[in-house]
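K.L.:
Before I ask anything, here is the structure I am working with.
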Amino acid sequence: MIIKLKSPSVSNKLFITRECLLQTISVLCYTLLFSLIPVICLAVFIGLLMTRLAVLPLTYAGWIAYDVAVKKTSSCGGRRLETVRRLSIWKYMRDFFPIKLHKTSDLPADCNYVFGLHPHGIMSCAGFVNFASEATGFSKQFSGICPHLLSLKQNFLCPFIRSFLLWMGELQLTCCK
């Protein structure tokens, strides 16, 4: 599919392939995940508190409190959903930059590893695509090793975003002792 955009003042046609459009949308979604979506989630959360549906955000807040205080999910393993980690949106994001994972040696699966990523930037797109998703095929290249991307504790404070990060297998950076 090719989208043709015409403008009366421009004589040349601008062609945007479907692939390029999907790559751009995937990066936009990831960018909004850390900028606009947390604000919207908090607004919806607070807005629901002022309606007859106030029991929903209160129940969710209670679940988060239990999950943080008792189960410590965000610092002890997360709540990975392989379906979310394997979404095709992450492959489009991988192709946008392009991000590649190069295996230089075999790693035994019975050991723990710390992978350093530099420069990572504010949102660490390369780290997210390589270690939080399966866009670069991490589990195929390093079978038996379960990667967890570490993130700041503040990223786990926003309702709904916290759940998404846990589904991706991310953990709080403060969990390291």
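K.L.:
Scan Gly127, Gly116 and give me the residue that is free of Cβ contacts under 8 Å to residues at least 24 places away in the same chain and either aliphatic (A, V, I, L, M) or closer than 20 Å to Val27 by Cβ (or both).
P.N.:
Gly127
K.L.:
Sticking with this structure for a sec: For residues that are touching a residue at least 24 places away in the same chain (Cβ under 8 Å) and out of contact with any helix residue (DSSP H, G or I) (no Cβ under 6 Å at 6 or more places or on another chain), tally how many sit in the range 45-61.
P.N.:
2
K.L.:
Let me ask something else about it. Do you know which residues across the range 117-149 are touching a Lys or Arg at 6+ places or on another chain (Cβ under 6 Å), assigned to a helix (DSSP H, G or I) and under 19 Å from Leu166 (Cα atoms)?
P.N.:
Scanning the range 117-149 gives a single hit, Val129.
K.L.:
Also, quick follow-up: Condition first: part of a helix (DSSP H, G or I) and over 21 Å from Arg86 (Cα atoms). Can you find one or more residues in the range 156-171 that meet it?
P.N.:
Looking for residues that are part of a helix (DSSP H, G or I) and over 21 Å from Arg86 (Cα atoms), one finds at least one in the range 156-171, hence yes.
K.L.:
Does the range 56-79 hold any residues that are surrounded by 12 or more Cβ atoms within 10 Å (Cβ to Cβ) and either of a type in the set (Val, Ile, Thr) or farther than 16 Å from Phe156 by Cβ (or both), and which are they?
P.N.:
Residues satisfying the conditions are Leu56, Pro57, Leu58, Ile64, Val68, Thr73.
K.L.:
Right, next: Output the residue which, of all residues in the range 71-109 that are touching a helix residue (DSSP H, G or I) at 6+ places or on another chain (Cβ under 9 Å), of a type in the set (Val, Ile, Thr) and without any contact (Cβ under 8 Å) to a residue 60 or more places away in the chain, is nearest to Leu166 (Cα to Cα).
P.N.:
Thr83
Throughout, read-outs are computed from the coordinates displayed, never taken from laboratory work. Small disclaimer: the values here were computed from a predicted structure and weren't measured. We place every Cβ from the backbone using ideal geometry, glycine too, and count neighbours over all the protein chains shown.
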